[in-house]
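K.L.:
Dropping a structure here in C-alpha cells format, bear with me for questions.
Read-outs throughout are calculated quantities, based only on the coordinates presented, and are distinct from any laboratory measurement. Keep in mind the model is a prediction, meaning the values are calculated, not measured. Don't worry about glycine lacking a Cβ; one is built from the backbone with ideal geometry, like all the others, and counts go over all protein chains shown.
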C-alpha cells in the first residue's frame, strides 16, 4: 500500500513538471491527468524457521607467540615510617662477686671479656677459702685463674690459646682430735698446677667440606712433698662432611706423662680414633673404633652408637658401646682425692682398661628434656682409694693410697630438666652403680648412689633470683684402723640461696649451705663442713 501511494505521488509531480514544457522545439500540452491505480493484492504471511542449535563440543587451540613486554616504571617514592624500636639490653663485659661468711669463709669471683675485630679475650679468676673453728685444721684455700684468647689469623683460620693456674691448699685433718694435735704447717698439702694449650683450627668449613684442628697442650704439677708431674699432649683431628649430614671423623692423640718423686715414672699413650656417623630423619648410626698403644701393646675398643627416633625429638631409643684406656695420673687422682699419698715404688701409675655397654631412651620437647639408660661396664685396673694410717710425731694420721682391681659394674643413670613455667628451671641427675670387685672386698672410696638436684626461679623481671639444690650420696666403703671393713654416713646436703640486683650495676647475694648440718665423712676421718653461710655483693660493668 505504501508503494502505491509513493508511485502516485511521483507521477503527479512528473505531470506537473512536464505541462507547458517544450521538447525538441515542440510545445507539449497536458490534456488530462493520468491517475494510476494498483489492484488489490493478497498479503502473504511468511513465518521464519530457526536453524537447529549446535550442541556439539569443539576444542579450540590458541597459539599465542611469546613476547617480552618492555615496560618502564618510574621509581617508587618511598617514605620512611617512624617505628619505635625495642630497647636494647646493655651488654656487660665484666662481673664481680665478693663476699664472706661463717665459719671464716671468703669468696671472690671475677670475669671479664673483651672483643675486637679479629680478637677476643676472656679472663676468669676465683678464690675460695674456709676454716672451721670447731675442728682443728679443717681448712682449705683454692685459687684459680684462666686467660683465654682467640685471634683470627685470616678469613679462614683462628688461633685459640689458654693459660691456666690452680693452687689448691688442704690439710690432713683426719685424726683423733681429742688425743692428737698438729701444727697446720706440719700436715699441709698444696697442689700448684700450670697448664698451657693452644689450638689452630679453621673457622668455616672448606670448599671440600673439611674441618680440622691441631692442639698442643702442656701442664706442670707440684705438691708440698716434692712430687712433680709433667704432661705433654699433641692432638690432631679433622671432619669430612658428606651431603651436609654424614661425617667421617679422625682424631690422633699422643699423650705423654712423666711423674717423679724419688723415682721417675712414665705413662705414654697414643690414640687413633676414626668414626663415621650416618644421619637420616629418624636414625643416627655411628660406627668407629678407639685404637690405643701403650708400651707397644695395642688395645682395641668399640665406638658405636645407634639412635632411632620413635616420635620426633620427643622419644629416641639408643644403644651404645664404647671403651678407652684411661690414664691414672697424679693430677687426676689427687683431684678426685686430695688427701692421697703417693709412695715411690708402691703407687705406680697405671691405665684403666674400661669398656661400657648401655641402652636407653631420651628426648626433648619445648619444656622438658630427659634421658634414662642402663648398662654394664668392666674396668681392669680401676683405681680404688684405701685408707692408710701413718705416724707423724708419734701421732696417728689418716691418709689414702691407691689400690687397683678389676671391677664389674651394673649401672643406671637418669637425668631430667624441666621448665614448667616461665623463668623456672628444675634439673636433676641420679646414678646408681653396683660394684663387683675381683680381689678387693669392696670398691673402696667410690659411692654407688649419687644425685644432684637443683631449681632456680627468676622474679621481678630478672632483678631477683631464688635457688635451691640438694646433693645425695650413699655410704662410702673403707677399712678402719683395725682393718675392719665399714662404711661412712649418707650425704644429704640441702642448700638455698638468692640474689637481688639493687640497680643497674650492683647487687647482693645470700647462700645458706648444708641446712641439715650433715657432716658426713666423704673420706674416712674427714667430715665435711656443716651449716655455713655466705653473703656479699655482686657487680657488673
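K.L.:
Let a ≥ b ≥ c be the square roots of the eigenvalues of the Cα gyration tensor of segment 455-533; is it rounded (a/c under 1.5), or, if not, prolate (a/b larger than b/c) or oblate?
P.N.:
Note, shape of segment 455-533 comes out prolate.
K.L.:
Please compute the modelled spin-label separation between residue 365 and residue 208, points set 7 Å along Cα→Cβ, answer in nm with one decimal.
P.N.:
The two pseudo-label positions are separated by 4.6 nm.
K.L.:
Follow-up. What nm distance separates the two modelled labels at residue 391 and residue 149, each placed 7 Å from Cα along Cα→Cβ?
P.N.:
5.5 nm
K.L.:
How big, on average over all directions, is the shadow cast by the Cα convex hull of segment 350-420, in nm²?
P.N.:
Mean projected area for segment 350-420: 8.3 nm², to one decimal.
K.L.:
Another question, if that's okay. Please rank 367, 444, fewest neighbouring Cβ atoms within 10 Å first, as an exposure proxy.
P.N.:
The fewest-first ordering by Cβ neighbours comes to 367, 444.
K.L.:
Also: 7 Å from Cα along Cα→Cβ at both residue 98 and residue 198: what's the point-to-point distance in nm?
P.N.:
3.5 nm
K.L.:
Ok, one more. Considering segment 315-439, what Rg and Dmax in Å follow from its alpha-carbon atoms?
P.N.:
For segment 315-439, the Cα radius of gyration and maximum Cα-Cα distance read 19.8, 63 Å.
K.L.:
How much length is gained if the chain between residue 260 and residue 453 is pulled fully straight, taking 0.36 nm per residue apart and subtracting their Cα-Cα distance, in nm to one decimal?
P.N.:
Full extension from residue 260 to residue 453 adds 65.4 nm.
K.L.:
Suppose a student asked you for the relative contact order of segment 208-250, using Cα pairs under 8 Å spaced at least 6 residues apart; what percent would you report?
P.N.:
Rounded, it is 40 percent for segment 208-250.
K.L.:
How would you classify segment 390-541 from its alpha-carbon gyration tensor, with a ≥ b ≥ c the square roots of the eigenvalues: rounded for a/c under 1.5, else prolate if a/b is greater than b/c, otherwise oblate?
P.N.:
Verdict is oblate for segment 390-541.
K.L.:
Follow-up question, since we're still on this one. Can you give the FRET efficiency to the nearest 0.05 for residue 464 and residue 295, using r as the Cβ-Cβ distance and R₀ = 51 Å?
P.N.:
0.30
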